[in-house]
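A.B. asks: Have a look at this one before I ask anything.
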Amino acid sequence: MTDTVHYSDMKDSGIKWIGSVPASWNVRTLYQLATRVKNKNSDLSEKNLLSLSYGKIKRKDINTNDGLLPASFDGYNIIEAGDIVLRLTDLQNDHTSLRVGQATERGIITSAYTTLRPINPAHSRYLYYLIHAFDLKKGFYGMGSGVRQGLNYDEVKELRVVIPSQEEQDAVSAFLDEQCSKIDELILEAKGSIEDYKQWKQSLIFRAVTKGIDSSASLRDSGIAWIGQIPKNWQIRKIKSGFVIYSGATPKSDKPEYWDGDIVWITPADYKTDDKYVSEGRKMLTQEGYQSCGTSVVPSGSIIFSKRAPVGTVAINTVPLCTNQGCLSCVPTEDADSEFFYYSMSVFTEQFELFSSGTTFKEISASAFSDFLLPFPSVSEQREIAAYLRDKCSIIDALRKEKQDLIDELELYKRSLIYETVTGKRKVV
């Protein structure tokens with residue numbers, strides 16, 4: 001991390017998102033500095049397929065591009081190293097993606113993107129960082145009038161920008177290349193630690209729900225390959241032997257009297273893999289809406305299992321609720337502890353998918369789920385294991401949160417660093 005050093009003589013750029021800049025810097029319009037690239041890939045003259053993903057332009061295998069035929073790439077744009085690619089589509093729905101990338105090699109990219117080529121190649125890296133900073137400020141969403149699905153080149157070319165001397169551009173680019181590389185390494189290392197913690201947690205849970213927490217317990221073969229050995233006094237039973245299982249349903253969407261009531265109704269989209277508990281959904285049902293379809297309100301403390309999109313995400317409900325047809329609700333009987341089986345079901349996602357079918361998306365049927373076999377210790381041992389996992393997993397989750405907080409801080413610092421440097425608020429020469 002570096003200290004901020006300011007230029008002594010600043011002026012107002014007249015550009016709202018940029019603010020003040022060094023007095024020696026010039027204000028220009030983007031079309032004065034770059035031209036639009038329109039170089040059609042006729043007769044597949046270029047086959048190095050590129051894509052813009054998370055702000056990076058990467059190679060893709062042209063032979064495995066989502067079923068597109070080679071002829072489809074005839075209309076793609078041939079771009080060169082140093083070109084700046086903007087994805088200006090789907091502005092209404094996607095407010096999180098990074099929309100600016102810079103090519104490092106010649107290749108082809110979809111003509112749905114706008115590609116800019118600096119008139120002076122020496123400006124290329126600085127201009128990329130400047131437009132990237134505008135993107136980080138979510139500037140594209142404020143262009144044009146009203147809510148826009150997309151922008152075109154004629155609108156973007158009028159973007160006003162600032163540009164310093166070539167010496168300062170080179171210094172800014174070199175500084176940001178070096179600093180951003182260091183920050184990215186730290187972020188990558190932290191993400192690697194998070195993945196390690198996830199694997200550790202899964203391994204800990206799997207061992208506890210299949211072997212127990214008594215290391216001296218005698219084991220026997222479960223007869224199921226993915227479970228392996230279990231304690232001798234445990235049983236292998238179908239899920240339906242420990243739970244009453246209910247399917248969900250959806251009232252008609254065109255009936256306003258069915259919606260905005262006081263009955264909680266959830267779908268698989270209302271909870272994520274890391275959510276242990278669920279208490280609310282995006283929509284609520286009226287009594288009339290509830291009675292119009294085949295869903296059932298289940299008591300708190302049940303297990304909510306997503307049977308599709310994706311298969312196998314589980315959570316425990318903390319309030320009575322009902323679900324759509326994408327969920328199965330499991331109400332425990334006297335010899336099943338919800339928390340133990342929450343942990344148990346969470347580590348068998350791959351196996352649940354093996355029992356699923358479907359071409360558009362995988363889905364496990366209620367009958368296949370009901371017949372799925374799991375280890376069943378006594379309910380007292382289930383509760384003991386659940387308490388052990390609650391304690392251990394909270395420690396791992398805290399470690400993961402520390403790493404995620406570090407990533408968030410580094411991302412924030414990186415954004416600030418780029419903005420301050422490309423607008424002259426941080427002096428690097």
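The values are calculated or read from the model by the stated rules, or taken from the named source; none is laboratory data. From a predicted model like this one, the values you see are computed outputs, not experimental measurements. Backbone-built Cβ (ideal geometry, glycine too); neighbour counts: all protein chains shown. To get the accessible areas, we keep the full protein, side chains included, count just its heavy atoms, and leave off ligands, DNA and RNA. Shrake-Rupley method; radii C 1.70, N 1.55, O 1.52, S 1.80 Å.
A.B. asks: Of all residues in region 22-33, which are closer than 21 Å to residue 119 by Cβ, hydrophobic (A, V, I, L, M, F, W, C) and more than 35 Å from the chain's Cα centre (by Cα)?
C.D. replies: Once the filter is applied, which keeps residues that are closer than 21 Å to residue 119 by Cβ, hydrophobic (A, V, I, L, M, F, W, C) and more than 35 Å from the chain's Cα centre (by Cα), region 22-33 yields 25, 27.
A.B. asks: Same structure, new question: Restricting to region 79-107, and then to whatever is β-branched (Val, Ile, Thr) and at pLDDT 95 or above, can you tell me which residue is surrounded by the fewest Cβ atoms within 10 Å (Cβ to Cβ)?
C.D. replies: The qualifying residue surrounded by the fewest Cβ atoms within 10 Å (Cβ to Cβ) is 104.
A.B. asks: For region 231-241, give me each residue that is more than 15 Å from residue 381 (Cα to Cα) and open to solvent by less than 90 Å² (accessible area, probe 1.4 Å).
C.D. replies: Once the filter is applied, which keeps residues that are more than 15 Å from residue 381 (Cα to Cα) and open to solvent by less than 90 Å² (accessible area, probe 1.4 Å), region 231-241 yields 237, 238, 239, 241.
A.B. asks: Restricting attention to region 320-328, does a residue exist that is out of contact with any Gly (no Cβ under 6 Å at 6 or more places or on another chain) and open to solvent by 10 Å² or more (accessible area, probe 1.4 Å)?
C.D. replies: Within region 320-328 (the criterion being out of contact with any Gly (no Cβ under 6 Å at 6 or more places or on another chain) and open to solvent by 10 Å² or more (accessible area, probe 1.4 Å)), the answer is yes, since at least one residue qualifies.
A.B. asks: Just for helices (runs of 4 or more DSSP H) wholly inside region 340-429: which have at least 1 residues that are open to solvent by less than 50 Å² (accessible area, probe 1.4 Å) and touching a His at 6+ places or on another chain (Cβ under 7 Å)?
C.D. replies: Answer list for region 340-429: 379-422.
A.B. asks: Within region 171-198, count every residue that is more than 20 Å from residue 399 (Cα to Cα), surrounded by 14 or more Cβ atoms within 10 Å (Cβ to Cβ) and not hydrophobic (A, V, I, L, M, F, W, C).
C.D. replies: So the count comes out to 2.
A.B. asks: Can you find a residue in region 297-309 that is small (Gly, Ala, Ser), more than 27 Å from residue 380 (Cβ to Cβ) and in contact with a Lys or Arg (Cβ under 7 Å, 6 or more places away or on another chain)?
C.D. replies: Scanning region 297-309 turns up no residue that is small (Gly, Ala, Ser), more than 27 Å from residue 380 (Cβ to Cβ) and in contact with a Lys or Arg (Cβ under 7 Å, 6 or more places away or on another chain).
A.B. asks: For the condition under 23 Å from the mean Cα position of the chain (by Cα) and without any contact (Cβ under 8 Å) to a residue 24 or more places away in the chain, what is the one hit in 313, 273, 360?
C.D. replies: 360
A.B. asks: Out of the residues in region 199-230 that are outside any loop (DSSP other than H, G, I, E, B) and of a type in the set (Gly, Ala, Ser), state the one that is surrounded by the most Cβ atoms within 10 Å (Cβ to Cβ).
C.D. replies: It comes out as 208.
A.B. asks: Here's a follow-up. Name the residues in region 272-306 that are touching a Pro at 6+ places or on another chain (Cβ under 8 Å) and basic (Lys, Arg), would you?
C.D. replies: none
A.B. asks: Conditions: (1) within 27 Å of the chain's Cα centre (by Cα); (2) at pLDDT 90 or above; (3) open to solvent by 50 Å² or more (accessible area, probe 1.4 Å); (4) not basic (Lys, Arg). Residue 134 meets all but one. Number of the miss?
C.D. replies: Only one criterion in (1) within 27 Å of the chain's Cα centre (by Cα); (2) at pLDDT 90 or above; (3) open to solvent by 50 Å² or more (accessible area, probe 1.4 Å); (4) not basic (Lys, Arg) is unmet by residue 134, namely (3).
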